[in-house]
Amino acid sequence: MHTLKQRRGASGFTMLEVLISIVVIAFGLLGVAGLQAFALKNNQSASQRSVATVLATDMIDRMKANSKAATDGFYNETSGTGVTPASVPGCLAASGCASPQELAANDLFEWKALVAAALPNGVGIVCLDDFIPDGATTGPTDPKCSNTGNQLVVYIWWRDDRTRSNTTATVSRFATQFQI
């Protein structure tokens with residue numbers, strides 16, 4: 001009879017333990033979901049930075065292949081406005097470009113189109129610069145290129161919209177130097 005009274009006194013205790021464990025597990029799953037969303041946002045940003053790196057390497061390879069135009073300054077955008085040059089129709093013909101200058105203009109046209117297509121609000125420029133300035137003080141319309149020295153710098157800017165908000169999206173920048 002003593003054991004029967006003990007069982008009656010503890011009859012609701014197991015139900016309370018189950019409810020508390022469900023609440024604890026629910027909070028844990030919410031935390032895991034939040035971490036997963038954070039990881040996905042940062043993975044997108046890392047992917048865009050990888051794309052920018054590949055695009056910058058593409059332009060450097062184009063300049064290496066057309067070194068005469070690179071040393072003569074045909075890749076240098078002295079205005080630094082990021083304005084897309086026009087296509088050179090002769091470069092698309094079977095005969096090819098007529099001069100290194102035409103090839104440089106066509107390379108810039110094709111490369112800028114790739115940057116714009118591959119990155120959100122992507123803008124790229126190539127200019128002579130003594131050093132790569134801090135990205136926080138420059139933007140695609142104001143790169144502050146010195147246009148002196150012998151270092152060509154490939155700049156690429158894009159909109160990093162990890163927050164998915166139009167008001168707080170940041171502009172990311174990738175820059176690399178190439179010596180002629």
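The numbers here are math on the coordinates, done by the rules we state, and not lab data. Source: prediction; values computed, not measured. FYI the Cβ positions are ideal-geometry reconstructions off the backbone, even for glycines, and counts take in every protein chain you see.
Students often check this: by mean Cβ neighbours within 10 Å, which of 174-180, 15-21 ranks highest, and how do the rest follow?
Working: 174-180: 15.7, 15-21: 9.6.
Sorting 174-180, 15-21 by mean packing, highest first, produces 174-180, 15-21.
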(request) Would you please give the residues with an amide H less than 5 Å from that of VAL171, counting only those at least 5 places away or on a separate chain, with H modeled from the backbone geometry? (result) ASP160
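Would you mind putting 60-70, 32-42, 98-108 in packing order, based on average other-beta-carbon counts within 10 Å, highest first? Don't skip to the answer; put the middle values down first.
Numbers: 60-70: 16.5, 32-42: 10.6, 98-108: 19.3.
Averaged packing, sorted descending, gives the order 98-108, 60-70, 32-42.
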(request) Please turn the phi angles of segment 156-161 into ³J(HN,Hα) values with the Karplus equation 6.51 cos²θ - 1.76 cosθ + 1.60 (θ = phi - 60°), one per residue in order, whole Hz, x for glycine and proline. (result) 9, 10, 7, 8, 9, 9
(request) Check cross-link reach from LYS64 to the aspartates and glutamates: straight Cα distance under 20 Å, and skip same-chain residues fewer than eight apart. (result) ASP72, GLU77, GLU102, ASP107, GLU110, ASP129, ASP130
(request) Check the straight Cα-Cα distances from LYS41 and name the aspartates and glutamates below 19 Å, setting aside those fewer than 8 residues away within the same chain. (result) ASP160, ASP161
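Report the extension gain between ALA86 and ILE22 in nm, rounded to one decimal, defined as 0.36 nm multiplied by the number of residues separating them, less their alpha carbon distance. Please report the intermediate quantities before stating the final value.
Working: separation 64, 0.36 × 64 = 23.04 nm, distance 6.35 nm.
Fully extending the segment from ALA86 to ILE22 adds 16.7 nm.
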